[in-house]
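Data first, discussion second: the structure below is written as structure tokens.
The values are calculated or read from the model by the stated rules, or taken from the named source; none is laboratory data. Small disclaimer: the values here were computed from a predicted structure and weren't measured. Cβ coordinates were reconstructed from backbone atoms using ideal geometry, including for glycine residues, and neighbour counts include every protein chain displayed.
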Amino acid sequence: MSTGLSHSNHREYLQAMGIDVWEQRQDRVVPVQIEVSTEPTAIQAEAPLDWASLQQAVTQCTQCELHQSRTQTVFGVGNPNADLLIIGEAPGADEDRQGEPFVGRAGQLLNEMLKAIQLSRNDVYIANILKCRPPDNRDPKPEEAALCSGFLKNQIELIQPKLIMALGRIAAHRLLDTNTSLAKLRGEFHNYTSTNTPLLVTYHPAYLLRSPAEKAKAWQDLLVARKFLSTKS
């Protein structure tokens, strides 16, 4: 039944009766700023690809600008069931031409380093953080390494190495997600968390060519790797 009172009259009536008047508050809408990450993320399958499918995916990859300047991708080389996985930074000019990692002067030194601990390229697996050569052999950009990380993680999951050896600062930083200096990272075991794999850090062969005095330290790293692998065989 209607009271015959308008809203304003009704309010005045209640006030006159000494009754508190409660107004329904309109909730104030506050704009919420949503931060959208612009960091690139690697395209990863729900389950690891098999070896052939992974290699094809790398060959056809166009996720970053490096596909525009490459001659070919550099997937990796060696024994896909190796106990030791060696990971460098990125392909250089020789690697880009031949499609195989570590085939230039640095690769020749790496071969000698492996030979010193009774191993060859056929006994280990060798890969890089990037599958394509950066122009002018510049350092990999963080976004390039991020986009390529899924491929490397897939390789590690398939190989299931007993030990990873990171060659150089950039490989160590990407694999361990750290900015700690290489000098401090050397000499102890770390952990590649994605697969819980032990990881050692040593100098990149290209650096050793420029700084031969550091070869003695790299030799010590190799001895640590050899001793570790001998206990796991």
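Worth a mention:
- Residues of region 46-71 satisfying the condition of being in contact with a helix residue (DSSP H, G or I) (Cβ under 7 Å, 6 or more places away or on another chain) and part of a loop (DSSP other than H, G, I, E, B): PRO48, LEU49, CYS61, GLN63, CYS64, SER69, ARG70, THR71
- Candidate set from region 93-110 (those that are part of a loop (DSSP other than H, G, I, E, B) and over 18 Å from GLN56 (Cα atoms)); member that is modelled with the lowest pLDDT: GLY104
- Residue that is farthest from the chain's Cα centre (by Cα) [pool: residues in region 72-89 that are of a type in the set (A, V, I, L, M, F, W, C) and part of a loop (DSSP other than H, G, I, E, B)]: ALA82
- The residue that is nearest to the chain's Cα centre (by Cα), among those in region 158-185 that are crowded, with 18+ Cβ neighbours inside 10 Å and of a type in the set (Lys, Arg), is ARG174.
- ILE170 passes every criterion in (1) without any contact (Cβ under 8 Å) to a residue 60 or more places away in the chain; (2) part of a helix (DSSP H, G or I); (3) β-branched (Val, Ile, Thr) apart from (1).
- Here ILE164 fits the description: modelled with pLDDT of 95 or more, within 28 Å of PRO48 (Cα to Cα) and in a strand (DSSP E or B).
- On the stretch given as region 71-99, residues that are under 22 Å from GLU144 (Cα atoms) and surrounded by 19 or more Cβ atoms within 10 Å (Cβ to Cβ) total 15.
- Top-ranked residue of region 34-79 - restricted to ones that are charged (D, E, K, R) and more than 21 Å from PRO142 (Cα to Cα), ranked as modelled with the highest pLDDT: ASP50
- Among the residues of region 129-157, those that are over 11 Å from the mean Cα position of the chain (by Cα) and exposed (fewer than 15 other Cβ atoms within 10 Å of the Cβ) comprise PRO135, ASP136, ASN137, ARG138, ASP139.
- Leading residue by the ranking (surrounded by the most Cβ atoms within 10 Å (Cβ to Cβ)) among those in region 186-217 that are part of a loop (DSSP other than H, G, I, E, B) and not small (Gly, Ala, Ser): HIS204
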